[in-house]
Structure formats: structure tokens, C-alpha cells
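Enquirer: Before I ask anything, here is the structure I am working with.
Only the coordinates and a few stated rules stand behind these numbers; no lab work does. All of these numbers come straight from a predicted model, not from anything done at the bench. So basically every Cβ, Gly included, is an ideal-geometry build from the backbone, and we count neighbours across all protein chains shown.
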Amino acid sequence: MSEQDRLMQMLLAGAIDRRSFIRGMSALGVTGAVAGTLAASLTGNRALAATPKSGGHMRMAMGHGGSGDTLDPAHILNGALTAMHFAITNMLTEINHDGSLKPKLAEEWSSSTDASVWTFKLRKGVTFHNGRDLTAEDVIASFNHHRGKDTKSGAKALVDPITDIKADGKHTVVFSLESGDADFPFKMGEFNFPIYAAKDDGSLDWKSGIGCGGYVLKDFEPGVRASFERNPNYWQLGERAHFDSCELLTVVDVVARHSALISGEVHAIDRVDLKTAHLLAKRDGVVVEEVPSKLHYTFEMLTNKAPFDDINVRLAVKHAVDREAMLETMLSGHGIVANDHPISPAYRYFSSEIEQRTYDPDKAKHYLKKAGLSSLDVKLSASDAAFAGAVDAAVLYKDHAAKAGIDITVVREPKDGYWSNVWQHKPWCASYWFGTPTPDGIFTLGYKGGAGWNATFWDNARFNELLKKARAELDDAKRGEMYGEMQRIVRDQAGTVVPLFANDVFATSNKIGHGELANNNEVDGRMFFERWWFA
């Protein structure tokens with residue numbers, strides 16, 4: 001991608017303003033008048049696209065999905081399932097494109113002075129697809145579905161602090177927490193918590209797929225496709241859910257996704273091949289979008305099994321990857337170097353004081369020696385189901401690590417079943433993580449001891465203590481200090497190699513219109529069916 005193309009895409013995505021665009025183009029030798037005209041044209045097109053229209057059948061191809069997919073909100077293991085839940089139901093709150101919070105099924109909320117009791121007032125007049133009214137009991141059942149000692153929910157760590165949920169009338173829900181949580185309303189907007197109807201026994205009716213969202217689920221073939229029709233009784237009709245119908249296709253192969261978009265078979269694709277993104281952008285009728293994001297690619301080790309139960313081995317492999325080379329080779333510059341923890345500069349409490357880890361084969365050898373080893377033979381499982389180019393990234397890692405005496409055997413795993421058979425099962429594997437609105441979200445889901453999505457089974461007492469304290473701390477400065485310490489602990493002790501933060505790069509037909517794009521999850525927070533339209 002040329003620097004001019006990059007500037008144009010950043011302007012279209014809203015990542016830079018018009019003045020920054022003109023200044024950048026001028027530095028490349030483009031006259032101010034020409035740059036100004038181009039900026040006006042690009043932003044004018046975006047403004048035109050920002051006028052919603054209703055109608056049409058929209059088809060999205062995603063590099064997610066598998067035959068084991070289920071509608072069970074306790075087991076949302078990929079982006080396709082996330083998008084489905086956002087289409088057919090709603091959460092209590094919604095994350096805006098700028099990371100702020102807005103009302104959704106809850107029209108307002110308030111807390112006790114110590115943020116340990118939260119009261120949500122539900123929007124009246126909301127109905128499920130079968131005509132049944134939304135009540136507090138449905139919200140209670142939706143959250144209790146993730147609770148209990150025997151639950152296998154990936155969101156269990158987020159609901160563990162909840163000690164009680166009760167209804168205060170038909171349209172008010174009160175959550176009591178074991179301690180304060182200033183970020184609690186943000187968690188209510190996470191894709192983990194779609195609101196489905198309660199059964200008579202208080203359990204959750206998720207199998208029917210009957211939600212209260214903008215679209216009604218018509219057909220679902222796990223790992224293949226899902227189809228939807230607009231809900232004629234949606235409470236946000238006219239503001240959201242503009243398509244008459246839509247379809248979600250699982251197309252794991254990135255070349256096939258490109259071809260489907262170019263041919264007009266689909267109207268949008270996620271996870272563009274970054275090596276050929278500049279060529280795709282030149283295709284007539286195609287728009288490549290790029291959003292700086294919290295998305296990060298990882299290599300996760302099982303810290304409860306040898307050899308990765310030894311912290312020195314973990315530090316050795318962390319020093320054995322050339323992050324700068326991987327950024328250019330794997331992301332073609334579409335991202336930034338990471339530092340073995342999940343908090344990017346896009347987060348409020350990112351710590352810039354932590355020294356950036358660099359490629360250092362000698363230091364890797366030093367840690368191997370401390371582990372009592374002169375060399376190390378390990379297997380690294382990877383598949384493009386983890387992220388586009390994951391196998392290539394693993395091979396590149398192998399080349400880097402060889403200089404440190406670490407012999408990596410790259411195991412190419414099947415795409416189907418990767419998340420159920422490899423992730424959290426094989427000793428070392430490629431993975432990826434979405435962004436969350438706050439640091440507490442990603443730390444709780446992926447790093448808290450015992451969390452269902454703690455893929456490395458790492459359990460650190462000091463980290464767990466800080467996580468709980470920071471969540472309840474209302475003093476912003478003190479909270480920032482605690483999050484800074486947590487980032488350092490994860491960097492130096494956890495079992496996750498985090499080499500890169502990737503920009504979210506996806507592509508649409510130029511027939512697609514949308515507003516400002518969110519970065520909390522890929523492709524506009526994966527709310528594209530609800531937020532987009534045909535321009």
C-alpha cells in the first residue's frame with residue numbers, strides 16, 4: 001500500500017481529520033489545492049453514504065465459523081456467532097464508535113456510591129420476535145445462564161462478581177456485586193450477554209433463536225451460513241436494521257472472500273489479505289476500510305504443562321520473536337508492535353512507561369540457561385482459523401527463534417474445529433483477541449485465574465488481587481497505577497506472546513453505506529447488519 005492510499009483510507013475511516021490528510025499529502029509532494037479537493041471528494045462521499053436508506057438483501061462473508069457452532073450465548077467462540085447475536089437480539093447497553101456507552105434495552109442506569117449495586121431500567125414496549133414483551137425476568141435468565149459453579153460459559157469470569165440479580169417491578173433489574181465495578185455498564189454491552197426470553201422455569205430459551213433484535217433468524221447451518229429477515233416490530237425501526245434481509249456466510253479462505261466481493265457475490269468481507277489489500281482497493285466498486293483497533297494476534301502457551309510451566313521458558317520464547325519483522329511481513333505495516341500484554345494505546349489506561357520488548361536471541365538463550373536448557377524443541381499449532389496468515393506467522397517465528405537455539409515445529413491444524421480441538425488443548429497455539437471497551441474486560445476474560453477463556457491457564461495471585469481492586473477503585477490516578485502494574489505482570493509472567501496489534505482491515509461494495517466505524521470488535525463492532533445500509 002502506498003502512503004497516499006494509506007492516508008486516503010484513514011480519512012475515509014475517520015482515523016484522521018481533513019487537516020491531517022492535507023498535511024500528509026503535502027509532505028508527499030501533492031499540492032494543497034489538489035489535496036484539499038481530494039479530501040472534499042472523499043469526505044463528501046462519506047457524508048452521502050451516511051444517509052440511511054431502507055431495503056435490499058445484504059450478504060456478508062466472514063472468515064469465522066465452524067461445524068460445532070451453536071447459538072448458546074455461553075459458547076460464543078468466533079466472530080460469526082458474535083455477529084449473529086447482534087443481529088437477532090440486543091444487549092442492555094451499546095458501545096459507540098468512539099468507545100462511549102449508549103442506552104440499548106436499558107434506557108437508563110444508576111449505581112450506589114461505591115458502584116457495588118447497579119440498577120437498570122428497561123425500555124418499555126420492546127417485544128421478542130414472537131410478540132412476547134421483554135421483562136426483567138428475561139434479563140435475569142440471560143445473565144443467570146452464565147452463572148453457577150457448573151457453568152462452562154466463556155463469560156463466567158465477567159459474571160462471577162455478581163452476588164444477586166433481582167427484579168424491582170416488571171421493567172427494572174438490580175445487580176448486586178461482591179465489590180464495586182465502575183465499568184459494569186460497559187460489560188452489559190459485550191456480545192457475551194444477548195438478551196433472550198426466559199422459560200417458565202427461569203432458564204433461558206436460546207435454542208429457538210427468538211430474540212428482540214432487528215432481524216429474525218430464518219435459517220442457520222453451523223459453519224456454512226445463516227439468513228435473516230428484518231423484524232417488522234423492531235423498536236429501533238427507521239434508525240437501525242435497514243436491510244430487508246441479510247445473509248452471513250462462513251468463508252474461511254481469504255482468497256475466496258476476495259473473489260466473492262469482487263464478483264459481487266457478497267457485499268462485504270472481513271479480514272482482508274493485507275498483502276493484497278492495495279490491489280483490492282483498486283478494484284471498481286470496492287472500498288477497503290481500515291480502522292486502528294484493539295485487535296491483537298497472539299501465541300498462547302499452556303502454563304500448567306511442561307515446558308511452559310517454567311517462566312524462564314516463557315521469557316525465552318518471548319525474546320525470540322522479531323516483532324518489527326513480523327509487523328512488516330505479516331501485516332504489511334497495518335498495525336503496531338505489541339509488548340506481550342493486551343492493552344494497546346487505544347485503551348485509556350495504556351502504560352507508556354513499560355520498556356518495549358525487542359528481538360534478542362542472546363537474552364532468549366540466557367533464559368533457556370536459567371531453565372536448565374541449552375536448546376528447546378517445541379511445537380506451535382496454527383491455522384488461518386486463528387487469523388489470516390497465522391501459519392505463515394508461525395513459520396516466521398520459527399526462523400526467528402532458531403537463532404536462539406529454539407527449534408519450533410509448526411503444526412498446520414485444520415480450520416474446522418480449531419477453537420474446540422486446538423485452542424486451550426495444544427501446548428502452544430496461534431490465536432487472536434478482540435478489543436473490549438475497558439482494560440478490565442480483556443483482563444477478566446483472558447487473564448484472570450480460572451476464567452473460561454484464560455487460554456494459558458495462567459493464575460497469578462498478585463494480578464488477580466489487582467484486578468479486583470482496580471475494578472472497584474473510583475480514583476482515576478490510583479486505578480491507572482494498578483492497570484500499569486498489571487500490564488507489566490502480564491508482560492513478564494503470563495503465558496501469552498503478544499507481538500502485534502492489528503488494524504481492522506475489511507472491505508465492502510461501494511453500494512454499502514455506514515456511519516463512523518467502531519473499533520471495539522472487528523468490522524464496526526460486528527454490528528454491521530444493524531448499523532449499515534445500501535447507499
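Enquirer: Treating the chain as a set of equal point scatterers at the Cα positions, no solvent, please give the Debye-formula log₁₀ I(q)/I(0) at q = 0.07, 0.08 Å⁻¹.
Expert: Evaluating at q = 0.07, 0.08 Å⁻¹ gives log10 I(q)/I(0) of -0.39, -0.52.
Enquirer: Mind listing P(r) for the stretch 90-203? All alpha-carbon pairs, 5 Å bins, whole percents.
Expert: 2, 12, 22, 27, 21, 11, 4, 1
Enquirer: Could I ask something else about it? Between the alpha-carbon centers of the stretch 337-390 and the stretch 100-126, tell me the distance in whole angstrom.
Expert: Spelled out, the Cα-based centre of one part sits 39 Å from the other.
Enquirer: Pull up all non-local amide H partners of Gly68: gap of 5 or more, or a different chain, and H-to-H distance under 5 Å with H placed in the peptide plane.
Expert: Gly417
Enquirer: Within the chain, what percent of beta bridges assigned by DSSP are antiparallel, to the nearest 5?
Expert: Within the chain, antiparallel bridges account for around 75 percent of the total.
Enquirer: Suppose every K and R has +1 on its Cβ and every D and E has -1 on its Cβ; what is the size of the dipole of the chain about the Cα centre, in Debye to the nearest 20?
Expert: The calculation lands at about 340 debye.
Enquirer: Could you list, bin by bin from short to long, the percent of Cα-Cα pairs of the stretch 142-214 in 5 Å steps?
Expert: Percent of pairs per bin, in order: 3, 13, 22, 30, 21, 9, 2, 0.
Enquirer: As a test of the formula, what do you get for the chain when each DSSP H run with n ≥ 4 contributes -39,500 (n - 2.57) and the sum is divided by the residue count, at 222 nm and rounded to the nearest 500 deg cm²/dmol?
Expert: Taking each H run of at least 4 residues, the total per residue is -9000 deg cm²/dmol.
Enquirer: May I pose another question? Between Asp392 and Ala27, what is 0.36 nm times their sequence separation minus the Cα-Cα distance? Round to one decimal in nm.
Expert: 127.9 nm
Enquirer: With a cap of 16 neighbouring Cβ atoms within 10 Å, and only residues DSSP puts in a loop, list the trypsin sites (Lys or Arg not before Pro) found in the stretch 398-507.
Expert: For trypsin sites (Lys or Arg not before Pro) across the stretch 398-507 that sit outside H, G, I, E and B with at most 16 neighbouring Cβ atoms in 10 Å, the list reads Lys403.
Enquirer: Using r as the Cβ-Cβ distance of Ser203 and Glu516, and R0 as 35 Å, what FRET efficiency do you calculate, to the nearest 0.05?
Expert: E(calc), rounded to 0.05, equals 0.35.
Enquirer: Follow-up. Given charges of +1 on the Cβ of Lys and Arg and -1 on the Cβ of Asp and Glu, with all other atoms neutral, how large is the dipole of the stretch 90-203 about its Cα centre, in debye to the nearest 20?
Expert: For this selection, approximately 300 debye.
Enquirer: Which trypsin sites (Lys or Arg not before Pro) does the stretch 301-346 hold that lie in a coil by DSSP with at most 14 other beta carbons within 10 Å?
Expert: Loop-located and lightly packed - Lys305.
Enquirer: Shape call for the stretch 184-229 from the C-alpha gyration tensor, a ≥ b ≥ c root eigenvalues: rounded (a/c under 1.5), prolate (a/b greater than b/c) or oblate?
Expert: It comes out oblate by the Cα gyration axes.
Enquirer: Amide H neighbours of Asp340 under 5 Å, at least 5 residues apart or on other chains, H built in the peptide plane: list them.
Expert: Here Val498 satisfy the definition.
Enquirer: If you don't mind, there's one more thing I want to ask. In whole Hz, with x marking every Gly and Pro, tabulate ³J(HN,Hα) for the stretch 276-286 from phi via Karplus 6.51 cos²θ - 1.76 cosθ + 1.60, θ = phi - 60°.
Expert: With coefficients 6.51, -1.76 and 1.60, one gets 10, 4, 5, 6, 4, 5, 7, 6, 4, x, 10 Hz.
Enquirer: For the stretch 103-119, in order, what is each residue's ³J(HN,Hα) by Karplus, 6.51 cos²θ - 1.76 cosθ + 1.60 with θ = phi - 60°, in whole Hz (x at glycine and Pro)?
Expert: Once θ is set to phi - 60°, the couplings for the stretch 103-119 become x, 10, 5, 8, 8, 6, 8, 8, 9, 5, 5, 9, 6, 9, 10, 10, 10 Hz.
Enquirer: Another question, if that's okay. Say the dipole of the stretch 90-203 comes from +1 at the beta carbon of Lys and Arg and -1 at that of Asp and Glu; which of Ala115, Asn130, Ile95 then lies farthest toward its positive end?
Expert: Asn130
Enquirer: Taking a virtual spin label 7 Å from the Cα of Arg147 along the C-beta vector, which residues in the stretch 186-220 bring their backbone nitrogen under 18 Å of it?
Expert: 186-190, 192-206
Enquirer: Follow-up question, since we're still on this one. I'd like the distance between the alpha-carbon centres of the stretch 274-325 and the stretch 518-535, rounded to an integer number of Å.
Expert: For the stretch 274-325 versus the stretch 518-535, the Cα centre distance is 23 Å.
Enquirer: Further question: Can you give the extra length, in nm with one decimal, that the chain gains between Glu107 and Ile489 once fully stretched, where that is 0.36 nm per residue apart less the Cα-Cα distance?
Expert: Gain on stretching Glu107 to Ile489: 133.7 nm.
Enquirer: Quick one: grab the alpha carbon gyration tensor of the stretch 352-490, order the square roots of its eigenvalues as a ≥ b ≥ c, and give me rounded if a/c is under 1.5, else prolate or oblate depending on whether a/b is larger than b/c.
Expert: oblate
Enquirer: To continue, here is another question. Suppose every Lys and Arg Cβ carries +1 and every Asp and Glu Cβ carries -1, with no other charges. What dipole size does the stretch 296-502 come out with about its Cα centre, to the nearest 20 debye?
Expert: Here the size comes out at about 360 debye.
Enquirer: While we're on this one: Using the Kyte-Doolittle scale, which helices in the chain average at least 0.0 and also have C-alpha atoms spread 20 Å or more along the helix axis, with helices defined as whole DSSP H runs?
Expert: Helices passing the filter in the chain: 32-49.
Enquirer: While we're on this one: Can you work out ³J(HN,Hα) from phi for every residue in the stretch 195-211, in order, using Karplus 6.51 cos²θ - 1.76 cosθ + 1.60 and θ = phi - 60°, giving whole Hz and x for Gly and Pro?
Expert: So the J values, rounded to whole Hz, are 9, 10, 7, 7, 7, 4, 8, x, 7, 9, 8, 9, 5, 6, x, 8, x.
Enquirer: In terms of the Cα gyration tensor, with a ≥ b ≥ c the square roots of its eigenvalues, is the stretch 414-503 rounded because a/c is under 1.5, prolate because a/b exceeds b/c, or oblate?
Expert: Prolate shape, in that a/c is at least 1.5 and a/b is the bigger ratio.
Enquirer: Within the stretch 347-387, what residues put their amide N at less than 18 Å from the label point 7 Å along the Cα-to-Cβ vector of Thr329?
Expert: 358-362, 364, 378-384, 387
Enquirer: Once Lys and Arg get +1 and Asp and Glu get -1 on their Cβ, which of Gln487, Ala338, Gly435 lies farthest toward the positive end of the dipole of the chain?
Expert: Working it through, the farthest residue towards the positive pole turns out to be Ala338.
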